[in-house]
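Peer 1: Dropping the structure in here first, questions after.
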Amino acid sequence: MFAYVARQPIFDREQTVYAYELLFRIGEDNCFPDISPDEATSKILTSTHLSLGIEQITGDKKAFINFHRDTLMYRFPTSLDANKVVIEVVETVDVDDALVAACKHIRGLGYPIALDDYDMQGKWEAFIPFTSVIKIDTTEIPHEEIPALIERFHKHKIKLVAERIETYEEFHKFKEMGFDYFQGFFLARPEIVRHKRLGPTSLTMMELLTLSGQATIDLQKVNSIIERDPSLTYLLLRFINNPLVNKRHKITSLKHALNFMGEVEVKKFIALMSLAKLGEYKPSELMHMALVRAKFCELVFTSLKQQGDSMTGFLTGLLSLLDVMMEQSIDDLISKVPVSDNVKDALCGKPGILKDTLTLVICFEQARWGGVKKFAAKYSLRQAMVHECFMEAMKWAHQMQSSIKD
């Protein structure tokens with residue numbers, strides 16, 4: 001069985017990823033409609049845990065996983081590594097003494113317990129003494145009542161997650177209130193759109209991005225630009241000697257590396273390095289998201305048997321967060337990077353197959369499974385294949401991110 005999964009980051013107060021919430025579905029037939037939550041959790045976790053490994057999805061971060069009544073009663077979470085997961089009790093469970101006892105037993109085995117979408121109902125009081133994390137939907141509880149909740153739960157040494165944080169303004173507001181962690185899509189949106197002056201390093205990176213967007217790349221020009229920055233030379237050599245890229249040859253010079261890689265891989269590298277440098281003062285999760293989008297859009301675009309440069313899908317995904325990283329409008333930024341018109345159109349929101357592919361990866365990020373189903377139907381693709389592309393993109397991004405870090 002193939003496991004369908006999306007992950008949504010939970011950030012700390014410094015906008016560093018603390019954990020990921022994993023959202024599952026199973027099978028092509030019941031990926032999107034409502035299915036038994038307990039059946040979904042047990043079957044998918046078994047498949048994912050045994051065949052893929054949660055760490056392939058979350059890296060070194062913890063995984064928040066929703067559990068429903070039956071899976072808790074049968075102690076299913078105990079099949080997982082207590083150091084890698086947080087057991088999230090969903091708000092819809094029927095609470096009684098038996099469930100409280102089961103959760104208390106699970107906590108006693110070393111598994112952190114989290115309460116999802118805490119709604120201030122009395123049924124949760126029995127959980128407070130052994131709960132590690134409480135998630136609060138900031139759109140459901142009156143904001144004037146939240147400070148008292150935070151004060152109370154902090155006295156019990158319980159960490160608080162603010163959910164549905166959609167803007168940087170909301171992030172700062174709830175950070176000031178005292179929340180420990182934050183979940184929402186604020187990171188993937190520009191904080192402020194302003195005219196940000198580009199320094200010498202940024203200009204070099206934009207120059208490289210420009211080269212990567214051209215139909216035919218001038219390797220000699222790339223060589224001369226990279227030679228000016230020793231750190232880029234070092235990173236290129238480390239990148240090209242990564243087993244994922246090159247399993248057979250030891251590359252020791254810049255010129256050798258460029259000639260060995262070939263045009264498409266050189267384009268990928270300089271695009272990756274340029275974006276990494278441009279976003280070096282932004283949270284690392286942004287770069288990871290961009291890498292996942294790049295590989296996913298490349299895989300899906302290729303599966304649609306589109307003609308033209310194979311970099312088209314890759315660049316579309318990679319550059320889709322450039323506005324967030326540079327704090328400028330995407331229209332202004334793309335005007336400085338002469339990529340192909342179809343990439344430019346997709347990034348600026350013009351309807352078409354590339355824009356649809358970009359929307360598809362965002363559906364995965366937000367676990368909007370209906371959007372995934374709609375895309376698959378529109379382009380006559382197997383839903384399982386689309387999910388496989390996303391899983392491959394996540395694994396590739398994790399490996400690539402380690403290769404391009406200083």
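Peer 1: If you go through the range 203-212 one residue at a time, do you hit one that is of a type outside the set (A, V, I, L, M, F, W, C), at pLDDT below 75 and buried (at least 21 other Cβ atoms within 10 Å of the Cβ)?
Peer 2: Checked against the condition, which is being of a type outside the set (A, V, I, L, M, F, W, C), at pLDDT below 75 and buried (at least 21 other Cβ atoms within 10 Å of the Cβ), the range 203-212 yields at least one hit.
Peer 1: Next up: How many residues does the range 156-184 hold that are small (Gly, Ala, Ser), at pLDDT below 95 and in contact with a Phe, Trp or Tyr (Cβ under 6 Å, 6 or more places away or on another chain)?
Peer 2: 0
Peer 1: Additional query: Regarding the range 353-370, can at least one residue be identified that is free of Cβ contacts under 8 Å to residues at least 12 places away in the same chain, farther than 19 Å from residue 289 by Cα and out of contact with any Cys (no Cβ under 6 Å at 6 or more places or on another chain)?
Peer 2: no
Here is a yes/no grid of residues against (1) over 18 Å from the mean Cα position of the chain (by Cα); (2) under 19 Å from residue 134 (Cβ atoms):
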position: 54; (1), (2): no, no
position: 57; (1), (2): no, no
position: 74; (1), (2): yes, no
position: 79; (1), (2): yes, no
position: 83; (1), (2): yes, no
position: 87; (1), (2): yes, yes
position: 91; (1), (2): yes, yes
position: 106; (1), (2): yes, yes
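Peer 1: Quick check: anything in the range 43-61 outside any loop (DSSP other than H, G, I, E, B) and either modelled with pLDDT of 90 or more or within 26 Å of residue 145 (Cα to Cα) (or both)?
Peer 2: No.
The values are calculated or read from the model by the stated rules, or taken from the named source; none is laboratory data. Small disclaimer: the values here were computed from a predicted structure and weren't measured. Positions of Cβ are generated from backbone atoms using ideal geometry, with glycine treated the same way; all protein chains shown enter the neighbour counts.
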